[in-house]
Amino acid sequence: MIQVFKPSMTQEEIDAVAEVLRSGWIGLGPKTAEFEEKFAQFVGTTYAVAVNSCTAALDLALKLLDVNHGHEVIVPTMTFVSTAHCVAYRLAMPVFADVDPHTLALDLEDVRRKITRRTRAIIPVHYSGRPIDLDALKEIAGGIPIIEDCAHAAGARYKGRSVGSIGDIGCFSFHAVKTLAMGDGGALTLNNEPWMQRSRRLRWLGIDKGTWDRTSTDKSYWWQYFVDEIGLKCHLNDIAAAIGLVQLRRLEAMNARRREIARRYGEAFAAYDFMETPPADTADVQSSWHIYCLKTPQRDDLCQFLQQKGIATGVHYTPIHLYSCYGNRPRLPQAEEVFKRIVSLPMYPDMSDADIQQVIDSVTQYYVTVGFIGTRKAPLKLPHAEAGQPKRAAA
Ligand SMILES: Cc1ncc(COP(=O)(O)O)c(C=O)c1O
C-alpha cells in the first residue's frame, strides 16, 4: 500500500535517539534547549519554545494573549480541529471564516466581515504548507494579533521569510507525519522575551525553572523552585528533540523532494480540465508541500478506485464548523462546496519514482475507465459527493 503520509527516518535519527537513551537524561533537558536554539535560528525569531504538540503551542499562544471568556478568535473552517479547540479551551468563541476555494486558506474578505470589537486574535492556517498572504491579512487585522498555525508549514517561506516569524506568534507541529517529524512535538516561535519566559513556565506546570536548569546551573538551593501561575505539563522531551535536530538538518532536502513530487503530479494532471491541481509555488510563496490536494467532482469514486489499486488517499478536511461540537450548521458555502471535491494524494519524501508513477498512472487509469480520457464517447455521468455533512458510520 502506498500511504498518504510517511515519516522519513534514517540511521541518523536512530543514532541520535540511542545517544540520548544512553546519556541518562531523556526528559526536558539539553537536547530540547539545543533544538529550541536551532529552530529559532531556522525560523528567524529570537526564541522558540518547544512543547509536545502544536495543539499545546496554540493553547499557550492564546494564554499569552490573555484570550478568555467573552472574546472571539477568527479561525478558518478548513483545518484540523486543534485550530478551533484551542479557542474553546480558553472558553472563548471560535468564529469560523470561509476559505478561498482555490488555495483553501482563509478567505480574507470573510475575515474582514467577521472582525468585531470582541476579536482578540486571528489564527490563519498555512493550509497544506502554502503560506497565506500575510501582508494582506495584517492589513485587514489592523493590529489584532495574528497567531500563525504553521502545523503544515515547517520550511515554507513567504516573501523570503520563514512562516512563523511574520505574525505575532508561530505555532508548529512535529507530529509523526509533518514535514519535520518527531513522533509528537510542537513549538512556539516568537520575539517577545516576557512571552517566551511565561510560555516556558506554562509548559511545565507554571514552575519557574526546569529540573535540568536547576541541577546544571544552580550551585545552591537546586531543589527549590517557585510557582506563581498554574500551567499545563506539555513540554517536549530530549528523545523527541534529538530526532528533531536531525530532521531539522534534513528539512530542506526533504521539502525539495516534496516539491519535486508536486511538480511531477502537476505536470501529469495539468492537461485535464476535470480536475484542479493545487496552486504552484511563486517567487513570494514557497510551500512545504505537506499535503497534495487535488480537486475533482469524482472524489469519492476516485478514492475507492485508488484504494483498490493499493493507494491510500485522505480528505483534509471536513469543514470543522460541520462537526456537532461546533453546531453542524452549514453556513460557509465555499468550504462546504469545495470539501466535496478535495482529495489528498500520497506525498512524502521517501516516495520512490516508481511510487509517484504508480499514483499518476492509477489516477489516469481511473479517468480512462470512466470515459474522460482516451475515448470518443461522451464522458460517463459520475456520482457527485452528497451535501457535505460529516457522516457517522452506523454503530
Ligand atoms: C492545521 C493544524 N493545526 C494544528 C494541528 C495540531 O498539531 P498537533 O498534532 O501537533 O497537536 C494540526 C495537526 O495535524 C493541523 O493540521
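Annotations
- Within segment 44-62, the set of residues being touching a strand residue (DSSP E or B) at 6+ places or on another chain (Cβ under 6 Å), within 16 Å of the ligand (Cβ to nearest atom) and either at pLDDT below 95 or among the β-branched types (Val, Ile, Thr) (or both) comprises VAL49, VAL51.
- Applying the condition of being touching a helix residue (DSSP H, G or I) at 6+ places or on another chain (Cβ under 8 Å) and part of a helix (DSSP H, G or I) to segment 217-239 and asking which residue is surrounded by the fewest Cβ atoms within 10 Å (Cβ to Cβ) yields ILE239.
- Matching residues, segment 1-44, being within 30 Å of ALA354 (Cα to Cα) and open to solvent by less than 50 Å² (accessible area, probe 1.4 Å): ILE2, VAL4, PHE5, SER8, THR10, GLU13
- The set of residues in segment 182-192 that are of a type outside the set (Gly, Ala, Ser) and either away from the ligand (no atom under 16 Å from the Cβ) or not in a strand (DSSP E or B) (or both) comprises MET182, ASP184, LEU190, ASN191, ASN192.
- One residue alone among ALA48, ALA56 is within 27 Å of ARG161 (Cβ to Cβ), of a type in the set (Gly, Ala, Ser) and touching a Phe, Trp or Tyr at 6+ places or on another chain (Cβ under 7 Å), and that residue is ALA48.
- Residue check: ILE122 meets all listed conditions (1) open to solvent by 30 Å² or more (accessible area, probe 1.4 Å); (2) of a type outside the set (S, T, N, Q); (3) within 16 Å of the ligand (Cβ to nearest atom) but one, namely (1).
- Sub-6 Å Cβ pairs linking a first residue in segment 201-221 that is closer than 24 Å to ALA187 by Cα to a second residue that is among the acidic types (Asp, Glu) and part of a loop (DSSP other than H, G, I, E, B), at least 6 apart or interchain, are ARG201/ASP208; GLY206/GLU229, ordered by first then second residue.
- Of the residues screened, LEU65 is not one that is out of contact with any Asp or Glu (no Cβ under 9 Å at 6 or more places or on another chain) and either more than 16 Å from the ligand (Cβ to nearest atom) or closer than 21 Å to HIS235 by Cα (or both).
- Filtered residue count, segment 167-176, keeping only those that are more than 10 Å from the ligand (Cβ to nearest atom) and open to solvent by 10 Å² or more (accessible area, probe 1.4 Å): 2
- Residues in segment 267-284 that are of a type outside the set (Asp, Glu) and either part of a loop (DSSP other than H, G, I, E, B) or open to solvent by 20 Å² or more (accessible area, probe 1.4 Å) (or both): ALA268, ALA270, ALA271, TYR272, PHE274, MET275, THR277, PRO278, PRO279, ALA280, THR282, ALA283.
- Residue within segment 146-157 that is out of contact with any Asp or Glu (no Cβ under 6 Å at 6 or more places or on another chain), more than 16 Å from the ligand (Cβ to nearest atom), within 27 Å of LEU248 (Cβ to Cβ) and open to solvent by 10 Å² or more (accessible area, probe 1.4 Å) present: yes
- Extreme residue, farthest from the chain's Cα centre (by Cα), among residues of segment 1-58 that are part of a loop (DSSP other than H, G, I, E, B) and within 21 Å of GLU193 (Cβ to Cβ): LEU28
- Single residue of ILE144, ILE140, ILE115 found to be aliphatic (A, V, I, L, M), in contact (Cβ under 8 Å) with a residue 24 or more places away in the chain and either closer than 30 Å to LEU345 by Cβ or in contact with a Leu (Cβ under 7 Å, 6 or more places away or on another chain) (or both): ILE140
- Some residue of segment 127-135 being more than 15 Å from the chain's Cα centre (by Cα), over 26 Å from ALA262 (Cα atoms) and open to solvent by less than 10 Å² (accessible area, probe 1.4 Å): no
- The condition of being surrounded by fewer than 24 Cβ atoms within 10 Å (Cβ to Cβ), of a type in the set (Val, Ile, Thr), within 16 Å of the ligand (Cβ to nearest atom) and closer than 26 Å to LEU294 by Cβ holds for only one of THR179, THR79, THR83, THR103, that being THR103.
The values are calculated or read from the model by the stated rules, or taken from the named source; none is laboratory data. Keep in mind it's a predicted model, so treat the numbers as computed, not measured. Backbone-built Cβ (ideal geometry, glycine too); neighbour counts: all protein chains shown. Ligands, DNA and RNA are stripped out before the accessible areas are found, and what is left, the full protein with its side chains, is counted by its heavy atoms. Shrake-Rupley method; radii C 1.70, N 1.55, O 1.52, S 1.80 Å.
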